[in-house]
Amino acid sequence: MNATFDFTDRHVVVFGGTTGINLGIAQTFAAAGARVSVASRKQENVDFALATLGSGALGLVADVRDDAAVAAALATARARHGEIDVLISGAAGNFLADVNSMSSNAFKVVVEIDLQGSFHVARRAYEHLRKPGASVIFISAPQAVVAMPYQAHVCAAKAGVDQLMRVLALEWGPAGVRVNAISPGPIEGTEGMKRLAPQGPEGDALVRGMVPLGRMGTTADIAQLAMFLGSDAAGYVSGALIPCDGGAQNMLTPMIVAAAEKGGA
Ligand code: COA
Ligand code: NAP
């Protein structure tokens, strides 16, 4: 991945940073010279990430649902790499289930990972952030603003993440800490797409048809936006939810497009 920013001597922490989109973000910051710390639940994912991030990176095992584990991981990261310049909170869980087949625990588990986990990560990181100058980035999702069937848990959790981001931008702005969120569109080759989109050529065509730019996103697309938000170039950007989705958030429904293509009324 091409690095277009210089993060030499900056410390970047990525929660949920051991696979997929968040690992892509961690790799891009590492390529731009950052000291990188990544954390997630599974040792094998942490090992996998470290093998791609180079010897300077720090890998930590922590479940974002566990406030004490998050606090301990952040203290270790601070001790190893110093004050945190960029904090990314991207741990998430998802599966398809309509409300009638979703148990109380099924709803709760996603809210606890995505929303409560983001709260733990941000709140526990605050004491370790460089002030002024730090940048906090939440990884949101289109479900936060677009209601989707089979996604009640994620819609509720990610909407909460967006509002948490806005509140923190208000509360931490006076200390010089910027807080923003990225809402990725469909990103190719990720666990999220494996779970939410039909697989195979037909599914690919369906997804591409929802994106005005006509392609799925890549982890590099998201990483480049994260680098911008983490950099001084975004020094006046705070409280912003930024879609990175090829324009999909403004796409007309397939029904309207089909009607227009047939001549419409
Ligand atoms: N449909 C309905 N309910 C489901 C489900 C599905 N496909 N998958 C899990 N659940 C329910 C479980 O039955 C359980 O509820 P119960 O106790 O009432 O039976 C509850 O969700 C918790 O499941 P569990 O497997 O114990 O949770 P976990 O903490 O081990 O794992 C998940 C969390 C379920 C979110 C798991 O999918 C995960 O680890 N995901 C991380 C990766 C990911 O989702 N990436 C995509 C990001 S967009
Ligand atoms: P992914 O590869 O499954 O990434 C999720 C990461 O979170 C993994 O590193 C996972 O590692 C970690 N994680 C999960 N539960 C955790 C917990 N309880 N505590 C700590 N870490 C935990 O998924 P992805 O598709 O790349 O998605 C990454 C982010 O982008 C998510 O926030 C998702 O909502 C968002 N997003 C994705 C898409 C897409 O197209 N894929 C679109 C919109 C938004 P462990 O299993 O080791 O814990």
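The values are calculated or read from the model by the stated rules, or taken from the named source; none is laboratory data. All values derive from a computational prediction rather than experimental measurement. A quick note on method: Cβ atoms are made from the backbone with ideal geometry, for glycine too, and the neighbour counts reach across all protein chains shown.
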Taking the range 154-183, which residues are surrounded by 23 or more Cβ atoms within 10 Å (Cβ to Cβ), within 16 Å of ligand 1 (Cβ to nearest atom) and not basic (Lys, Arg)? Val154, Ala157, Val161, Ala181, Ile182, Ser183
Reported set for the range 93-135 where residues are farther than 25 Å from Thr19 by Cβ, within 16 Å of ligand 1 (Cβ to nearest atom) and in contact (Cβ under 8 Å) with a residue 24 or more places away in the chain is Asp98, Val99
Leading residue by the ranking (farthest from Tyr236 (Cα to Cα)) among those in the range 116-140 that are within 14 Å of ligand 2 (Cβ to nearest atom) and either β-branched (Val, Ile, Thr) or not in a helix (DSSP H, G or I) (or both): Val121
Out of the residues in the range 1-15 that are touching a residue at least 40 places away in the same chain (Cβ under 8 Å) and either assigned to a strand (DSSP E or B) or among the charged types (D, E, K, R) (or both), state the one that is nearest to ligand 2 (Cβ to nearest atom). Phe15
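For the range 136-153, enumerate the residues that are touching a residue at least 60 places away in the same chain (Cβ under 8 Å) and surrounded by fewer than 21 Cβ atoms within 10 Å (Cβ to Cβ).
Pro142, Val145, Val146
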Subset of the range 61-92 that is closer than 17 Å to Tyr126 by Cβ and in a loop (DSSP other than H, G, I, E, B) - its residue that is nearest to ligand 1 (Cβ to nearest atom): Val64
Search the range 194-208 for residues that are surrounded by 11 or more Cβ atoms within 10 Å (Cβ to Cβ) and pair each with any residue that is assigned to a helix (DSSP H, G or I) and of a type in the set (A, V, I, L, M) when their beta-carbon atoms are under 6 Å apart and the residues are at least 6 apart or on different chains. Ala197/Val207
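Each row is one residue, and each column tells you yes or no for (1) surrounded by fewer than 14 Cβ atoms within 10 Å (Cβ to Cβ); (2) small (Gly, Ala, Ser); (3) farther than 21 Å from Pro186 by Cβ; (4) modelled with pLDDT of 95 or more.
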site: Leu225; (1), (2), (3), (4): no, no, no, yes
site: Gly235; (1), (2), (3), (4): yes, yes, yes, yes
site: Asp245; (1), (2), (3), (4): no, no, no, yes
site: Leu252; (1), (2), (3), (4): yes, no, no, no
site: Gly263; (1), (2), (3), (4): yes, yes, yes, no
Assuming Val167 fulfils every condition listed in (1) away from ligand 2 (no atom under 15 Å from the Cβ); (2) under 20 Å from Gln249 (Cβ atoms); (3) of a type in the set (Val, Ile, Thr) apart from one, which condition is it? (2)
Note on the range 70-88: residues more than 13 Å from Asn22 (Cβ to Cβ) and either buried (at least 24 other Cβ atoms within 10 Å of the Cβ) or within 20 Å of the chain's Cα centre (by Cα) (or both) are Val70, Ala71, Ala73, Leu74, Ala77, Ile84, Asp85
Quick one: Pro186 ticks every box in (1) more than 16 Å from ligand 1 (Cβ to nearest atom); (2) in contact (Cβ under 8 Å) with a residue 24 or more places away in the chain; (3) surrounded by 14 or more Cβ atoms within 10 Å (Cβ to Cβ) except a single one, so which number is it? (1)
Do any helices (runs of 4 or more DSSP H) lying entirely in the range 141-245 carry at least 3 residues that are within 17 Å of the chain's Cα centre (by Cα), and which ones are they? 152-172, 191-196, 219-230
Inside the range 103-115, can you point out the residues that are surrounded by fewer than 18 Cβ atoms within 10 Å (Cβ to Cβ) and either under 16 Å from Val167 (Cβ atoms) or more than 13 Å from ligand 2 (Cβ to nearest atom) (or both)? Ser103, Ser104, Asn105, Ala106, Phe107
Could you list, in sequence order, the residues of the range 76-94 that are of a type outside the set (Val, Ile, Thr) and out of contact with any Lys or Arg (no Cβ under 6 Å at 6 or more places or on another chain)? Ala77, Arg78, Ala79, Arg80, Gly82, Leu87, Ser89, Gly90, Ala91, Ala92, Gly93
Looking at the range 16-35, which of its residues are touching a strand residue (DSSP E or B) at 6+ places or on another chain (Cβ under 6 Å), of a type outside the set (Phe, Trp, Tyr) and away from ligand 2 (no atom under 14 Å from the Cβ)? Ala30, Ala34, Arg35
